[in-house]
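K.L.:
If you scroll down you'll find the structure; I have some questions about it.
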Amino acid sequence: MDKIVVKVQNKKVGELFFEADDQCYGFNYTVDSPSISLIMPCKASTYLWRNRLHPIFDMNMPEGYLFEVLKNYLNKKHGYINDFLLFSYLCPSIHGRLLFNSEFSAGNFDGLDLGEVLKNDSDETFVKLVKMFLGKNAISGIQPKTLALLQDKESLTTKEYIIKTWGEEFPDLAENEYFCLKAVEKSGVEIPTILLSENKKFLIVERFNLDKKNERYVGFEEVLGLLGKNKEQKYEGSYEQVAKLFYRVVANKRKGMQSFYKTLVMSYLLKNGDAHLKNFGVLYDGDMSNIRFSPAYDIVNTAVYMVTDRPALSMFGKKLWFSRRELVKFGVDCCYMSERDANTFYNDCVTAVQASIVDLQNYIVKNPAFSTIGLRMIDTWNLSLKNETHREVPVEIRRNWSKN
């Protein structure tokens with residue numbers, strides 16, 4: 001029975017193991033220590049999960065493009081594939097509050113120049129990055145992405161970045177996400193440091209689990225894991241459940257609920273149909289104190305690609321693009337706000353979308369190649385500002401898109 005050593009702040013606290021006969025994953029604390037997860041307090045007995053990894057480990061597992069790359073590589077090398085083998089391969093290169101040792105050693109990774117990656121954002125460069133940092137790719141999500149160590153010549157630092165790209169199915173996705181995240185930032189919600197490459201092929205996102213001031217990693221957990229669920233269940237649940245969870249765990253209730261509420265309202269206004277349970281999270285200090293809403297991430301306008309797309313989770317028992325009335329009610333009923341505050345925060349989001357429409361219009365003038373997706377984004381954002389509840393992009397807007 002192979003084991004993976006689990007460490008908190010570089011001190012061994014326990015072991016993860018896999019029993020193939022029972023398809024059972026287990027974790028044991030080996031010392032009286034800080035917890036590895038908010039839902040796994042230190043105890044003497046074993047944490048057992050059948051047929052799947054514990055959520056705190058599973059949240060690092062790749063999906064989509066990366067999963068297929070790694071699965072094929074490991075299947076060819078070992079003749080089989082399961083989550084324990086995949087995690088054993090990836091976990092030694094994970095940098096965070098939790099560190100790991102497995103039978104596979106971490107690779108030696110040299111940082112690339114950030115400026116060069118921003119300029120040379122071709123498909124060939126992305127494939128090169130994936131191959132170079134194959135052992136580091138403990139990141140989830142369907143979109144083609146890879147982790148990379150990039151050196152910033154100006155600050156003389158090397159940092160971990162997530163580099164996202166796109167294929168024919170979702171054209172101009174990097175620019176789409178860039179403008180959506182910048183819109184969220186305008187509403188007053190913190191986002192990661194993001195950069196758009198010269199040819200608009202890459203969105204480069206700085207990882208936010210490092211406390212730069214103290215040069216120490218902080219803890220990060222997704223809402224999905226905090227609800228005891230795995231990646232296959234990310235579309236199960238409601239925004240009411242998410243709000244209740246945040247209110248229960250965050251230290252500063254007012255600030256945390258304000259950030260969550262604005263992020264959710266912006267997802268509705270921006271037509272982000274992928275605000276599922278993996279796309280909300282919390283940060284906390286090394287001793288698990290100061291639990292707080294994480295920077296907003298993975299926000300895109302999905303309606304411009306899938307006109308029938310709807311919100312990822314339910315609200316009031318329905319998956320509809322709700323208007324101001326319902327979203328303000330959600331703020332009052334589920335985020336513990338006064339009606340006045342909920343309206344004020346909603347207005348902040350409306351102002352952010354209005355300013356972002358102007359930004360997009362100016363950007364399209366200088367970057368006409370983005371006009372098809374950019375104009376569709378503007379159409380859907382203007383639709384949101386009309387304060388009408390609807391199921392999907394109306395037929396009259398779709399007809400206009402088909403003409404263009």
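K.L.:
Compute a Gaussian network model of the chain, connecting alpha carbons closer than 10 Å, and tell me which residue from LYS231, LYS76, LYS329 fluctuates the most.
P.N.:
It is LYS76.
K.L.:
Straight distance only, please: which aspartates and glutamates reach the Cα of LYS213 with their own Cα at less than 19 Å, same-chain residues fewer than 8 apart left out?
P.N.:
List returned: ASP152, GLU154, GLU160, GLU190, ASP285, ASP287.
K.L.:
Now a separate question. If you put +1 on each Lys and Arg Cβ and -1 on each Asp and Glu Cβ, how big is the dipole of the chain around its Cα centre, in Debye rounded to 20? Walk me through the numbers on the way to the answer.
P.N.:
Numbers: 53 positive and 51 negative charges, 155 e Å.
In total the dipole reaches around 740 debye.
K.L.:
Now a separate question. So, with a 1.4 angstrom probe, what is the percent of accessible area on the chain that is carbon and sulfur?
P.N.:
On the way: 8790 of 18200 Å².
On the chain, the fraction of accessible area on carbon and sulfur atoms equals 48 percent.
K.L.:
May I pose another question? Go ahead and set up a Gaussian network model of the chain, Cα springs under 10 Å, then flag whichever of ALA251, ALA183, ALA342 fluctuates most.
P.N.:
Residue with maximal mean-square fluctuation among ALA251, ALA183, ALA342: ALA251.
K.L.:
Same structure, new question: Describe numerically, in nm with one decimal, the distance between label points set 7 Å from Cα along Cα→Cβ at ALA355 and at LEU48.
P.N.:
5.5
K.L.:
Anything over 22 Å Cα to Cα? Flag those among LYS77/LYS231; LYS43/LYS278; LYS318/LYS386, in the order listed. Walk me through the numbers on the way to the answer.
P.N.:
Numbers: LYS77/LYS231 25 Å; LYS43/LYS278 27 Å; LYS318/LYS386 20 Å.
Check vs 22 Å cut-off fails for LYS77/LYS231; LYS43/LYS278.
K.L.:
Continuing with the same structure: Accessible area per residue, 1.4 Å probe, Å², for the chain: what's the number? Working shown, then result.
P.N.:
Working: 18200 Å² over 404 residues.
Accessible surface, normalised per residue, equals 45 Å².
K.L.:
Stretch ASN382-SER105 to full length: gain in nm at 0.36 nm per residue minus the Cα-Cα span? It would help to have the intermediate numbers written out before the result.
P.N.:
On the way: separation 277, 0.36 × 277 = 99.72 nm, distance 5.16 nm.
Separation in residues times 0.36 nm, less the Cα-Cα distance, equals 94.6 nm.
K.L.:
Along the charge dipole of the chain, pointing to its positive end and built from +1/-1 on Cβ of Lys, Arg, Asp and Glu, which listed residue (GLN354, VAL184, GLY219) has its Cα farthest out?
P.N.:
GLN354
K.L.:
If you don't mind, another one. Most fluctuating residue of ASN199, ASN214, ASN72 in a GNM of the chain with Cα springs under 10 Å: which is it?
P.N.:
ASN214
K.L.:
Principal axes first, then extents: for the Cα atoms of the range 147-278, list largest minus smallest coordinate on each axis, whole Å, largest first.
P.N.:
Result for the range 147-278: principal-axis Cα extents of 43, 41, 30 Å.
K.L.:
Also, quick follow-up: For GLN233 and ASN10 in the same chain, what is the full-extension length gain: residue separation times 0.36 nm, less their Cα-Cα distance, in nm? Numbers along the way, then the final one.
P.N.:
On the way: separation 223, 0.36 × 223 = 80.28 nm, distance 3.09 nm.
Taking 0.36 nm per residue and subtracting the Cα distance, the gain is 77.2 nm.
K.L.:
Kindly state, to the nearest 0.05, the FRET efficiency for ASP333 paired with SER289, given R0 = 30 Å and r defined as their beta-carbon distance.
P.N.:
Values: r = 29 Å, r/R0 = 0.98.
The value I calculate is 0.55.
K.L.:
Something else now. Report, in debye and to the nearest 20, how large the dipole of the range 295-404 comes out about its Cα centre when Lys and Arg carry +1 and Asp and Glu carry -1 on their Cβ.
P.N.:
Details: 14 positive and 12 negative charges, 81 e Å.
Value, rounded to 20: 400 debye.
K.L.:
Under 13 Å Cα-Cα from LYS229, which aspartates and glutamates qualify once same-chain neighbours fewer than 8 residues away are excluded?
P.N.:
Reachable aspartates and glutamates: ASP58, GLU221.
The values are calculated or read from the model by the stated rules, or taken from the named source; none is laboratory data. The model shown is predicted, which means the values in this text are computed figures rather than measured ones. Neighbour counts are summed over all protein chains in view; Cβ atoms, including those assigned to glycine, are modelled from backbone coordinates with ideal geometry. The protein model used for the area step is the full one, side chains on, heavy atoms only, and it has no ligands, DNA or RNA in it. Shrake-Rupley method; radii C 1.70, N 1.55, O 1.52, S 1.80 Å.
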